[in-house]
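The values are calculated or read from the model by the stated rules, or taken from the named source; none is laboratory data. Every value quoted in this text rests on a predicted model; they were computed, and no experiment measured them. Please note: Cβ atoms are built from the backbone with ideal geometry, for glycine as well, and neighbour counts cover all protein chains shown. Surface areas here come from the heavy atoms of the whole protein model, side chains and all, with no ligands, DNA or RNA. Shrake-Rupley method; radii C 1.70, N 1.55, O 1.52, S 1.80 Å.
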Amino acid sequence: MAVSRGATRIEKHSAQLGELARHLRERGVPNLVSKRIRLKIDTTPHGTRSSVDYDAPELAVWSDDGTTVAIVVVDDNQKETTFSMRPPGQAPQTLCPVDTPSEGAAIIAGMVHLDSTETP
């Protein structure tokens, strides 16, 4: 079975997010890389048809109390491939190049630390 260009891209993004996740784990930051899969089911006069779509993976990061701090994805639509981070209720922003996951992990770890020291 041939691997599509999209599947190769998704696997590459999963590996890049996995490396960022490893750096976050080393800093004690809770995170999870998830691969998103959509199942579409249509009922037609000729029977039921289904299709599976694979979306780009994402990395969820949260604080020790379970509050989501950011969702991170790989953005390869620019000149340089970067991690893009979206804190809750905010617009996505560039985190760092994918070649420097330790830099991104340090920034996110700082955000987690700030989130956990804020008083409700």
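Checked against (1) closer than 18 Å to GLU26 by Cβ; (2) surrounded by fewer than 15 Cβ atoms within 10 Å (Cβ to Cβ); (3) within 14 Å of the chain's Cα centre (by Cα), VAL98 meets all criteria but (2). Checking each residue in the stretch 83-106 for being among the hydroxyl-bearing types (Ser, Thr, Tyr) and either touching a helix residue (DSSP H, G or I) at 6+ places or on another chain (Cβ under 6 Å) or more than 15 Å from HIS13 (Cα to Cα) (or both) picks out THR94, SER102. The residue pairs whose first member lies in the stretch 81-107 and is among the aromatic types (Phe, Trp, Tyr), whose second member is in a strand (DSSP E or B), and whose beta carbons are closer than 6 Å, counting only pairs six or more residues apart or on different chains, are PHE83/VAL72; PHE83/LEU95; PHE83/CYS96. Filtering the stretch 37-88 to residues that are open to solvent by 50 Å² or more (accessible area, probe 1.4 Å) and under 10 Å from the mean Cα position of the chain (by Cα) leaves only ARG86.
I'd like to know if the stretch 40-61 contains one or more residues that are of a type in the set (Gly, Ala, Ser), touching a helix residue (DSSP H, G or I) at 6+ places or on another chain (Cβ under 6 Å) and closer than 22 Å to THR100 by Cα.
Yes, because at least one residue in the stretch 40-61 is of a type in the set (Gly, Ala, Ser), touching a helix residue (DSSP H, G or I) at 6+ places or on another chain (Cβ under 6 Å) and closer than 22 Å to THR100 by Cα.
If the condition is being in contact with a strand residue (DSSP E or B) (Cβ under 6 Å, 6 or more places away or on another chain), within 24 Å of ILE107 (Cβ to Cβ) and charged (D, E, K, R), then the stretch 27-49 contributes no residue at all. Scanning the stretch 70-90 for residues that are out of contact with any Phe, Trp or Tyr (no Cβ under 9 Å at 6 or more places or on another chain) and part of a strand (DSSP E or B) yields ILE71, THR82, PHE83, SER84, MET85, ARG86.
If you go through the stretch 22-36 one residue at a time, do you hit one that is surrounded by 13 or more Cβ atoms within 10 Å (Cβ to Cβ), among the charged types (D, E, K, R) and at pLDDT 90 or above? Checked the stretch 22-36: at least one residue is surrounded by 13 or more Cβ atoms within 10 Å (Cβ to Cβ), among the charged types (D, E, K, R) and at pLDDT 90 or above.
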